[in-house]
Amino acid sequence: MFNDIGPLELVTIVVLAVLVFGPDKLPKVIADVMRTVRKIREFSESAKQDIRQELGPEFKDFEFEDLNPKTFIRKQLDNDELGLKEIRNGFDLKKEMAEVTDAVHSRDADSSAGGSGGRIDMTKKPEDPGKDDRPPFDADAT
């Protein structure tokens, strides 16, 4: 529940609680908070049991955590009936990324010195402006 609270934050909360409630009332406040948390947990467990009873015996293995979309997708992807493990194991990300990088830089894996092997060279090459071409800006205007 409080996995992301660090030690400094915990000490700050304790100091603030002592300052706000005082050392005399602090144990009673902590007991009241714990009692309230217990009641909320009991209420949620009883609500879960009521829902399970209303759903019937065909949903006896139903887990409420399955309603979380991340958990649902993870369970479906781990399901071996779809054959996704074979696809995932057969996919080599490093090899695919190297091929994409080579394609972007227009390098062939088996490049020959004669040409590009029928591939279009899409690299940007600087154009040499002709002697009669005007520059892209007017030097006198700057």
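The values are calculated or read from the model by the stated rules, or taken from the named source; none is laboratory data. Note that the structure is predicted; figures quoted are calculated from it, not measured. Reconstructed Cβ throughout: ideal geometry from the backbone, glycine too, with neighbour counts over all protein chains shown. The protein model used for the area step is the full one, side chains on, heavy atoms only, and it has no ligands, DNA or RNA in it. Shrake-Rupley method; radii C 1.70, N 1.55, O 1.52, S 1.80 Å.
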Original post:
Taking a point 7 angstrom from the Cα of E65 along the C-beta vector, which residues in region 1-38 have backbone N less than 14 Å away?
Top reply: 1
Subject >> Exposure ranking of E54, E63, E42 by accessible area [1.4 Å probe, largest first] >> reply: E54, E42, E63
**OP:** Run through all the Cα pairs of region 1-84 and give the fraction in each 5 Å bin from 0, expressed as whole percent.
**Re:** 2, 11, 10, 12, 14, 11, 11, 10, 8, 6, 3, 1, 0
